[in-house]
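What follows is calculated from the coordinates using simple rules that are stated; it is not laboratory data. None of these values were measured; they are calculated from a predicted model. Using ideal geometry, Cβ is built from the backbone for each residue, glycine included, and neighbour counts are taken over all protein chains shown.
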Amino acid sequence: MDKTARIYVAGHNGMVGSALLRCLASQGYQELVTRTHAELDLTHQEAVNAFFAGEDIDAVFLAAAKVGGIHANNTYRGDFIYQNLMIQTNVIHEAYKAGIKQLLFLGSSCIFPKQCPQPMKEEHLLSGYLEPTNEPYAIAKIAGIKLCESYNRQYGTRYRAVMPTNLYGPNDNYDLQNSHVLPAMIRKFHLADLALNNDLDGIHKDEARFGAIPEDIRQAIEEKPPKVRLWGSGAARREFLHVDDMAAACLFIMQMSDDQHHNCCKSSPEFAALGMDTVSFINVGSGEEITIRQLADTIGRTVGFGGEMVWDTAKPDGMMRKIMDTSRLRQTGWAPQIDLKTGIRNTCQDYRDKSMAGTQ
């Protein structure tokens, strides 16, 4: 992409979108276009049509989505499938109508089957049943991948899709009703540490900034001594990637030439023999896995909480192992730069500073 390109970042206030803005600005891209949800509701096709008709956009990063953890995905199933289908369909279709050839769609690793071989290759898409707790969200994301693939084949667009592993970093969602595992842990440990130090003012500031504390979490931190209650057995294995690394990977993939991208997406011989000449997206991950229990230990030490952790085994673990095969992207020379311990330390500090500040 030329440095003078006008680039629309959909979802710029979210964790990934804000990281994309930082990355693009640091690389000299100055014509960055954004809209808040109040300014542009991406679920409304007419509004999206008017936006693209009124703006001279050269490229789109589609990071807008309704996201959440296991509880949110399993509870608000209709919201997750409807809103994500509408957002991505409207943006992709209206971008095509406006003549925009370059677009990057961000998916999710939950698109892979529940019993997917590990590590998960791009070719494993649609090879088995999905994890039931996040099936609606996964189906929406699969539809987004196939929408980009189909428009490329029929209309000659250059729409690309990436599948990130579990992301974390600045501007993450810390609402304990719908956050992902890593930010939820950071907040739980922080609250328990505040309670251990009888810092009631700190707890009030945290609630003012990040939302109400659910009753079960409040009960845990009000115990003597305070405890951190965590979902599942802690045995499930996951990988995590800092969002700034994800943004760098997105820009790297968008900057690939058509030949480079095609070579990156070529199928391995075993899948090519089945008629799959190319894959329709590229995995992005750290390539390193950790158990949820190890993650909790790391966050607990980083926050400085020395109290007890209680594992609620009545709650689901989700998939017991989930790691991405990122060999395609690695072969291009790209690699993440932020190790997990450093990333967690920086994220915990960012969270603590915002928590202490209270209301935004």
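Miscellaneous remarks
- In terms of Cα atoms, the Rg and Dmax of the stretch 71-190 work out to 15.8, 51 Å.
- Translational diffusion coefficient of the stretch 52-139 (Stokes-Einstein, Kirkwood radius from Cα pairs, 4 °C, 1.567 mPa s): 89 µm²/s.
- Proximal lysines to K121, defined as alpha-carbon separation beneath 24 angstrom and excluding residues fewer than eight positions away on the same chain: K141, K146, K266, K322
- Dipole orientation for the chain: of the candidates Y151, A357, S127, S127 has the Cα lying most toward the positive pole (charges on Cβ; Lys, Arg +1; Asp, Glu -1).
- Listed residues V284, V303, S267: farthest to the positive end of the dipole of the stretch 267-360 (Cβ charges): V303
- Percent of beta bridges antiparallel (DSSP, the stretch 1-109, rounded to nearest 5): 0 percent
- Stokes-Einstein diffusion for the stretch 44-95 at 10 °C, viscosity 1.306 mPa s, with a Kirkwood radius from C-alpha pairs, works out to 130 µm²/s.
- Proxy reagent accessibility, fewest Cβ within 10 Å first, across R160, R6: R6, R160
- Acute angle (nearest 10 degrees) that the helix 243-254 long axis makes with the longest principal axis of the chain, alpha-carbon atoms: 0 degrees
- Translational diffusion of the chain, estimated by Stokes-Einstein from the Kirkwood radius over alpha carbon pairs at 20 °C in a medium of 1.002 mPa s, is 101 µm² per second.
- Residue order for T302, T326, fewest other beta carbons within 10 angstrom first, comes to T302, T326.
- Of interest is the spacing of the C-alpha centroids, which for the stretch 68-100 and the stretch 287-357 amounts to 26 Å.
- Listed residues F240, S257, I213: farthest to the positive end of the dipole of the stretch 213-341 (Cβ charges): I213
- Seen against the Cα atoms of the chain and their longest principal axis, helix 15-26 is set at about 60 degrees.
- Simple label model, 7 Å out from Cα along Cβ direction - T342 to D312, nm: 3.6 nm
- Fraction of beta bridges assigned by DSSP in the chain that are antiparallel (%, nearest 5): 10 percent
- Across the chain, the mean sequence separation of Cα contacts (distance under 8 Å, 6 or more residues apart), normalised by length, yields a relative contact order of 20 percent.
- Compared with the alpha-carbon gap, the fully stretched path from H93 to S257 is longer by 56.7 nm at 0.36 nm per residue.
- On Cα atoms only, tilt of 181-196 relative to the major axis of the chain in degrees: 20 degrees
- Partners for K188 among lysines (Cα-Cα distance below 19 Å; same-chain residues under 8 apart left out): K205, K224, K227, K315, K341, K354
- Nearest-20 debye value, the chain charge dipole, Cβ charges on Lys, Arg, Asp, Glu: 420 debye
- The DSSP beta bridges internal to the stretch 201-360 are antiparallel in roughly 30% of cases.
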